[in-house]
1. Could you state the angle between the C-alpha long axis of helix 133-151 and the longest principal axis of the C-alpha atoms of the chain, as a value from 0 to 90 degrees rounded to the nearest 10?
2. Take the Cβ-Cβ distance between Leu244 and Phe93 as r, set R0 to 41 Å, and report the resulting FRET efficiency rounded to the nearest 0.05.
3. Under a Cβ-Cβ cut-off of 14 Å, what is the net charge of the residues other than Val152 that fall near it, where Lys and Arg count +1 and Asp and Glu count -1?
4. Need the full-extension length gain, Lys230 to Ala6, defined as separation in residues times 0.36 nm minus the C-alpha distance. One decimal, nm.
5. Compute, for the stretch 207-290, the length of the dipole vector about the Cα centre, with Cβ point charges of +1 (Lys, Arg) and -1 (Asp, Glu) only. Units Debye, rounded to 20.
6. Show me the ranking of peptides 57-63, 267-273, 122-128 by mean Cβ neighbours inside 10 Å, starting with the highest.
7. How much length is gained on full extension from Leu114 to Ser35, taking 0.36 nm per residue of separation minus their Cα-Cα distance?
8. Across 10 Å bins from the origin, how do the percents of Cα pairs in the stretch 1-157 run, short distances first?
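Nothing in this text is a laboratory measurement; each read-out follows from the coordinates by a stated rule. Given the structure is predicted, the values throughout are model-derived calculations rather than measurements. Every residue, glycine among them, receives a Cβ derived from its backbone with ideal geometry; neighbour counts consider all protein chains shown.
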Amino acid sequence: MSLRDAIVSLRPTQWVKNLFLFAALIFSQNLAVLSKSLRVCWGFVLFCALASSTYLINDLFDLQKDQKHPIKSRRPLASGRLSRSQAVLIAVFLGAISLGFSFKLHTQFGMLALAYFLMNFAYSAFLKHVIILDVMLLAFGFVLRAVAGAVVIEVEISSWLLICTILIALFLALSKRRHELVIMAEGSQDHRKVLGEYSPYFLDQMIGVVTASTLMSYMLYTLSPEVIRKLETANLKFTIPFVLYGIFRYLYLVHQQSKGGSPTKVLLTDKPLMLNILLWFVAIWVILYL
């Protein structure tokens, strides 16, 4: 086992998902508060380690199926460059360390981290084979991240935060399933049994519902009198065009470019989407902080 293979097996590019921990910090207008920002940064690091532990566990469960996948077969564990015993050792070490420090950082944060770990273990073991529940659990993982980010700085957990998070996460999860179904074609069931229960049409129907719900929820959030009073600004509505473009751009990449199998890869490689996210963040910063 080389150091490079060990690092690759942790899927560091997937750590982007843990940026959801910063959502409560940003929208509670505490980003400039150093003590709270540092606590969320520590939480981010711990969730990255915990997530890598769950990725290794998932790879161990899926080892034989990943060896048949055109892309996943290149992973260190599936290709044999990383042994099973080495993967188990790394997963146990990261899981134990991250959970221990999570409870030390904040008790409720630790409980959420433990819930995240157990949920992902159950998902890897058997729940990913249950239609619809599989994508809902993937989405709920993002919700746990967002809630953990609010708990660690002890701010109120907004209902809007939960609604918008689970909807955008469902959008990404369903798009991922669609990509897997299309790219694997006839062999999709051999890789993931639950894919046999899906069809492109069925997934497109669900994606359509979630897309509309995501956009509407974000719009209602920015226009909510409660939010306007709390944040003391009605200008969040000017960020709606960035969200519209981001959703439509992602749909274009999924349907026209056959991408979406790895949401993090899309977010890190598609320049128009990256620029749009950057502009959205700048707009949020100007509206809420300047």
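1. Its long axis makes an angle of about 50 degrees.
2. Computed FRET efficiency for Leu244 and Phe93: 0.40.
3. So the surrounding residues net to +2.
4. So the extension gain works out to 76.1 nm.
5. 140 debye
6. 57-63, 122-128, 267-273
7. Roughly 26.0 nm would be gained on extension.
8. With a bin width of 10 Å, the distribution comes to 11, 38, 33, 15, 3.
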